[in-house]
Amino acid sequence: MPSAHLARLALAALACAALTACGGPDVPPEVVVTVTANPSPSRSAGASPGTASPTKKAAAPKSEVKGRDYDFGLVQSAKKVGDTDVLVLDRWTDPKVDDEVVAKQGLPVTSWRVGSDRYVNQNDKKTFDIPVREGTTFLLHHCTAAGEPLQTRSVTTKELADAPEVDRLLLVTLDGSGWATGGETFAGC
């Protein structure tokens with residue numbers, strides 16, 4: 001039984017007893033006592049005093065790649081901004097494909113030979129923060145040995161960032177806000 005209801009019953013019983021104790025012919029035959037409890041607006045029913053405080057939710061991170069449908073590069077790291085995973089991407093390119101084409105159509109996901117000029121780093125100073133939609137997984141393609149078939153598994157943002165560097169070259173799929181919704185790695189064989 002809620003404590004507010006018990007308090008009302010106790011006050012009603014106390015009022016009834018007080019009126020009966022005075023006795024006499026002036027006591028009406030029926031007494032109705034109404035008790036109204038006004039809970040404090042700053043406290044919830046289950047909160048104890050001193051623990052209720054407004055919680056401030058962290059602002060959602062902003063994407064640095066908004067306007068693209070795809071991005072391509074080496075995953076440098078992953079971090080948390082509030083409750084949101086964020087990929088830190090060092091943008092790479094395919095020298096045979098314009099960046100505008102990569103941004104709109106992506107690239108065919110293939111393996112690549114580490115040390116070749118097949119894909120190149122666009123620069124060595126700028127990285128891009130890409131927030132990741134909740135529930136997003138990435139396909140991590142990797143080679144176990146030269147000449148062996150590719151192995152593929154689904155990974156989280158953190159697992160992707162923790163993969164060996166040769167397996168972190170990523171084509172990331174983006175939504176209209178520039179947030180990652182998926183992606184696949186280019187296995188470095």
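Listed by first and then second residue, the pairs linking a residue in the range 88-105 that is closer than 20 Å to residue 117 by Cβ to a residue that is part of a helix (DSSP H, G or I), with Cβ atoms under 8 Å apart and 6 or more places separating them unless they lie on different chains, are 93/99; 93/102; 94/102. When 127, 144, 110 are checked against the criterion of being polar (S, T, N, Q) and open to solvent by 70 Å² or more (accessible area, probe 1.4 Å), a single residue qualifies: 144. Scanning the range 113-124 for residues that are among the polar types (S, T, N, Q), outside any strand (DSSP E or B) and either open to solvent by 90 Å² or more (accessible area, probe 1.4 Å) or in contact with a Phe, Trp or Tyr (Cβ under 7 Å, 6 or more places away or on another chain) (or both) gives a single hit, 122. Of all the listed residues (79, 66, 104), the sole one being assigned to a helix (DSSP H, G or I), at pLDDT 95 or above, open to solvent by 80 Å² or more (accessible area, probe 1.4 Å) and farther than 15 Å from residue 185 by Cα is 104.
Report whether or not residue 150 is aliphatic (A, V, I, L, M) and open to solvent by 80 Å² or more (accessible area, probe 1.4 Å).
It is true that residue 150 is aliphatic (A, V, I, L, M) and open to solvent by 80 Å² or more (accessible area, probe 1.4 Å).
Take the conditions (1) open to solvent by 50 Å² or more (accessible area, probe 1.4 Å); (2) under 16 Å from residue 70 (Cα atoms); (3) among the hydrophobic types (A, V, I, L, M, F, W, C); (4) more than 21 Å from the chain's Cα centre (by Cα); residue 139 misses just one of them, which is (4).
The values are calculated or read from the model by the stated rules, or taken from the named source; none is laboratory data. This one's a predicted model, so the numbers in the text were calculated from it and none came from an experiment. Heads up, the Cβs are rebuilt from the backbone with ideal geometry, glycines too, and the neighbour counts pull from every protein chain shown. Please note that ligands, DNA and RNA were not included when accessible areas were found on the heavy atoms of the full protein model with its side chains. Shrake-Rupley method; radii C 1.70, N 1.55, O 1.52, S 1.80 Å.
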